[in-house]
Amino acid sequence: MLGAPPALLLVPALVAATFLVVPLVTLVIATPWSRFFELLGTEAVRDALGITALTSVATVVVCLLLGTPLAWLLARVEFRGRSLLRAAVTVPLVLPPVVAGVALVTALGRNGLIGGLLRDLTGVTIPYTTVAVVLAHTFASMPFYVLAVEGALRSSGEEYDVVAASLGATRWTTFRRITLPLALPGVLAGAILAWARSLGEFGATITFAGNYPGTTQTMPSLIYGALQSDPEVARTLSMILLIVSVAILAALRNRWLVRP
Amino acid sequence: MNIRRVPVLATLALLLPLSGCSDDTSNGEGTTLTVLAAASLTETFTTLADRFEADHEGVTVELAFDSSATLARQAVDGAPGDVLATADEATMQTAVDGEAVSGGPEVFATNVAVLVTPPDNPAGLTSFADLDDDAVTYVVCVDSAPCGRIAAGLLDAAGITHEPASLEVDVKAVLAKVTSSEADAGIVYATDAVSAGDAVTSIDIDRAEDQQNVYPIATLEQSTDAALAGEFLALVLSDAGQQVLADAGFGGGG
């Protein structure tokens, strides 16, 4: 037996837990519940919820399609500059979201390096569209996904890949039949991390994509706007987002995530 | 609250040694006039306060900048203050209703909305009505902000149905979208267009004065020196004071 937990660990642990839980409890208390369903039914909230749902799911799909191969590349292929590439693609993880938005403008804005070229050649501009929201979210979320999947690929080990190859499987078949299934818990955890990051993304979105109901206004943008005029509405909208995210996380955890 | 501390500290530094030798300090030295002013008046009122101090030896003007609503509430609560200047008449009315106002209020400035474009005006706009074109990407403030309400009113009055590309959280964000050419145009206050300088070209909006912001100023009941407070009001309303405001893009009072 290890004995009773020492106060030196127990007290800070309780302080930490209290600090994390109390603001959420006070948010629940401060929510004007009488207006909850009335607000939930308004067009602005339904639009913003729809955009948030659409863009966060699209972000996860882009992460799955592009982030999985990148994670595989970083975990399984030896090449010069691999650690440099790994460091570079994880920078958005620590970047302040507004900086991410400013960086996206310089690349994909109407006068950005790529965005300007695209506009000159095709007349298409990216900012102020739902696609721009997905791009901003993907920029912020993909590093979380790539790190999670790369970790899973490394810890599942290369031995099974080697066995498959020795039995005549091509590298693609090995990836599809052996590597990916073994890394599936990491893929799911990474997808949930990316989705959660996308759900709360605000700074890069409003800087790069703008804020317009029905096209680019996500829940966090709507909450920020409401905060200026009616804090009660802002608290209610925050509560809606909290309920949605907790409900989905709980559902996913019960269904797929096995406790460690 | 944003209080200019340097003059206060300077005053304290002057007074402290005096109090040590129990000298008479009630000879007019160290009189402080406290001015509560809307945040959008930061630059102009700092200039006017410096001028007032230069004209009144021994008087220190302490400026407190905050939102008009906060300042009006403070005035009603009896917070120390001699002069109150707000960015709209409604908040000033709350101070009048709270019986905090002793003199005034008088309108000393107005701020109208203007259309701004990047210096090269990529969409070739010449008038406000040109916004009504699907090829034009323009941005305004979100409806919950005062600048957004004014913009929505002007767009509505001009019969413009082409919608903005984005509703920015405040007027500075609108200006940033225009100066970075991420938008062809934006609706901001005339004072913002002036402070942006060469980074934008501004286009007047017809009948913008129908939706303008009106700035009233008043002296407060709790003023300890009503005459001095009245003199500050007079400076703001004088030709010299009006010139300082006009240079910053404000319209005249009246």
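Only the coordinates and a few stated rules stand behind these numbers; no lab work does. Since the model is a prediction, treat every value here as computed from it, not as a measurement. With ideal geometry, Cβ positions are generated from the backbone for all residues, glycine too; neighbour counts draw on all protein chains shown.
As I understand it, the dipole of the range A:18-140 uses +1 on the Cβ of Lys and Arg and -1 on the Cβ of Asp and Glu, about the Cα centre. Which of A:Trp33, A:Pro23, A:Val102 lies farthest toward its positive end? The residue sitting farthest along the positive end of the dipole is A:Val102. In this structure, the amide hydrogen of B:Thr60, modeled 1.01 Å from its nitrogen in the peptide plane, lies closer than 5 angstrom to those of B:Thr31, B:Thr32, B:Leu33, counting only residues at least 5 positions away or on a different chain. Extending 7 Å from Cα along the Cβ direction at B:Glu43 and again at A:Leu121 yields two label points whose distance is 4.2 nm.
Using 0.36 nm per residue and subtracting the Cα-Cα separation, the extra length available between B:Ala240 and B:Asp156 on full extension is 26.5 nm. If you restrict to DSSP beta bridges whose two residues both lie in the range B:113-211, what percentage is antiparallel, to the nearest 5? Of those bridges, close to 60 percent are antiparallel.
Only Lys, Arg, Asp and Glu carry charge here, each on its Cβ (+1 for the first two, -1 for the last two); on that basis the protein assembly as shown has a dipole of about 4360 debye about its Cα centre.
Equivalent-ellipsoid semi-axes for chain A (Cα gyration tensor, √(5λ), whole Å, largest first): 35, 29, 17. Per-peptide packing, taken as the mean over residues of other Cβ atoms within 10 Å, places B:130-142, B:95-107 in the sequence B:130-142, B:95-107 from highest down.
Comparing Cα centroids, the range B:101-139 and the range A:1-31 end up 52 angstrom apart.
Grab the beta carbon distance between A:Glu232 and A:Leu167, set R0 = 45 Å, and tell me the FRET efficiency rounded to 0.05. Efficiency, from the Cβ-Cβ distance: 0.10.
Taking the radius of gyration and the Kirkwood hydrodynamic radius from Cα positions alone, what is the Rg/Rh ratio for the protein assembly as shown, to two decimal places? In the protein assembly as shown, Rg relative to Rh is 1.08. Helical content of the protein assembly as shown, expressed as a calculated mean residue ellipticity at 222 nm, amounts to -17000 deg cm²/dmol (DSSP H runs of 4 or more residues, -39,500 (n - 2.57) each, divided by residue number, nearest 500). Sorted ascending by nearby beta carbons within 10 Å, beginning with the fewest, A:Tyr128, B:Tyr215 become A:Tyr128, B:Tyr215.
Partner shielding of B:139-145 amounts to 5, given as the average count of beta-carbon atoms from other chains within 10 Å of each residue beta-carbon. By DSSP, the beta bridges lying fully in chain B are antiparallel in about 60 percent of cases.
Ranked by the mean number of other Cβ atoms within 10 Å of their residues, highest first, the peptides B:150-161, A:112-123, A:215-226 fall in the order A:215-226, B:150-161, A:112-123. Kirkwood radius and radius of gyration were both taken over the C-alpha atoms of the range B:103-229, and their ratio Rg/Rh is 1.09. Each residue of the range A:68-80 was assigned a 3J(HN,Hα) from its phi angle through the Karplus curve 6.51 cos²θ - 1.76 cosθ + 1.60 (θ = phi - 60°); the sequence is 4, x, 5, 5, 4, 4, 6, 8, 10, 10, 7, 8, 5 Hz, with glycine and proline shown as x.
When both the range B:178-254 and the range B:145-167 are represented by their alpha-carbon centers, they are found 21 Å apart.
When only the Cβ of Lys, Arg, Asp and Glu is charged (+1, +1, -1, -1), the dipole of chain A relative to its Cα centre reaches about 540 debye. Karplus-derived 3J(HN,Hα) values for the range A:161-166, using 6.51 cos²θ - 1.76 cosθ + 1.60 with θ = phi - 60°, are 4, 5, 4, 4, 5, 5 Hz; glycine and proline are entered as x.
Within 10 Å of the Cβ of each residue in A:109-116, the mean number of Cβ atoms contributed by other protein chains is 3. Relative intensity of chain B on a log10 scale, I(q)/I(0) at q = 0.09, 0.11, 0.13, 0.16 Å⁻¹, equals -0.46, -0.65, -0.83, -1.10, per a Debye sum over C-alpha point scatterers of equal strength in the absence of solvent.
Give the residues of the range A:71-102 whose amide nitrogen is closer than 15 Å to a point set 7 Å from the Cα of A:Glu158 in the direction of its Cβ. In the range A:71-102, the label zone of A:Glu158 (backbone N under 15 Å from the point 7 Å along Cα→Cβ) covers A:72-83. Quick one: work out the % antiparallel among DSSP beta bridges in the protein assembly as shown, nearest 5. Taking every DSSP beta bridge within the protein assembly as shown, about 60 percent pair in antiparallel fashion.
Could you give each residue of the range B:53-60 its phi-based ³J(HN,Hα) in whole Hz, using Karplus coefficients 6.51, -1.76, 1.60 with θ = phi - 60°, and x for Gly or Pro? So the Karplus estimates, Gly and Pro as x, are 5, 5, 7, 10, 5, x, 9, 10 Hz. Restricting the GluC sites (Glu not before Pro) of the range A:96-190 to loop positions (DSSP other than H, G, I, E, B) with no more than 16 neighbouring Cβ atoms within 10 Å leaves A:Glu158.
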